[in-house]
Amino acid sequence: MPYPVSISVEPTLTNRNRLTTFFRLILAIPHLILIGGVGLGLAYSNDSRTTVGGEGGLLGAVAIFLAIVSWFTIVIAGTHIVGIRQFTSFYLRWRVRALAYFMLLEDAYPPFGDLAYPASIAIADPTVPRDRLTVALRLLLGIPHFIVLMFVLLAWCFTTIAAWFIILFTGEYPRGLYDFGVGALQWRLRVEAYMLLLVDEYPPFSLT
């Protein structure tokens, strides 16, 4: 059975825009403020302890708060409030577009909101009734993915930096690096949808 969260990215490998690639970090700042970056949000407190946060920008902070609310409504009543689900899905649709642009997978500037873009995410409705046990244990169940994703996302950052230089010199994004980037994006967003309680199926440890 296919996983209920899938990401589609239209390949853009040749004739890349070198000017916008050069300034990509600056151009992406407005979106990064709203929907965050790629990482897992490692934060260091004053006593040197490390915590894992959402790293999802302003809208991501709202989505995390709503996930906490949903945790109670699902565990207690088995209900995911429709409005919360709609907002979280909207946030992830915006997020996949902005991350695809920021990490050089697309050249077109992403829209602010819910408009068409070459990168998209599809989230199937969850089974009814919801799996209250896995929802109750969701944070613990996500730990293996958090650990592996730290390495995957670190590798993605290095491959994106390499792609940045290659695009500036050749105008092309190597297929192998591109496919890895799409796979990393898909893995990252699947786990995020799982942690935000949009789906109950456990995400695969896979780039495909």
Problem - Sequence of 10, 172, 106 once ranked by neighbouring C-beta atoms within 10 Å, starting from the fewest - result: 10, 172, 106
Handout entry: Helical contribution to [θ] at 222 nm, DSSP H n ≥ 4, -39,500 (n - 2.57), averaged over the chain, rounded to 500
Key = -18500 deg cm²/dmol
Fill in the blank from the handout: Shape call for the range 151-208, from the Cα gyration tensor axes a ≥ b ≥ c (a/c under 1.5 means rounded, otherwise prolate when a/b beats b/c, else oblate), comes out prolate
Completion exercise
Quick note on 160, 170, 14, 134, ordering by fewest other C-beta atoms within 10 Å, gives 14, 170, 134, 160
Handout entry: Extension gain, residue 168 back to residue 146 (0.36 nm per residue minus Cα-Cα distance, nm)
Key = 4.7 nm
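Since every read-out is calculated from the coordinates, none of them should be taken as a lab result. Since this is a predicted model, take the numbers as computed values, not measurements. For neighbour counting, all protein chains shown are included, and Cβ atoms are generated from backbone atoms with ideal geometry for every residue, glycine included.
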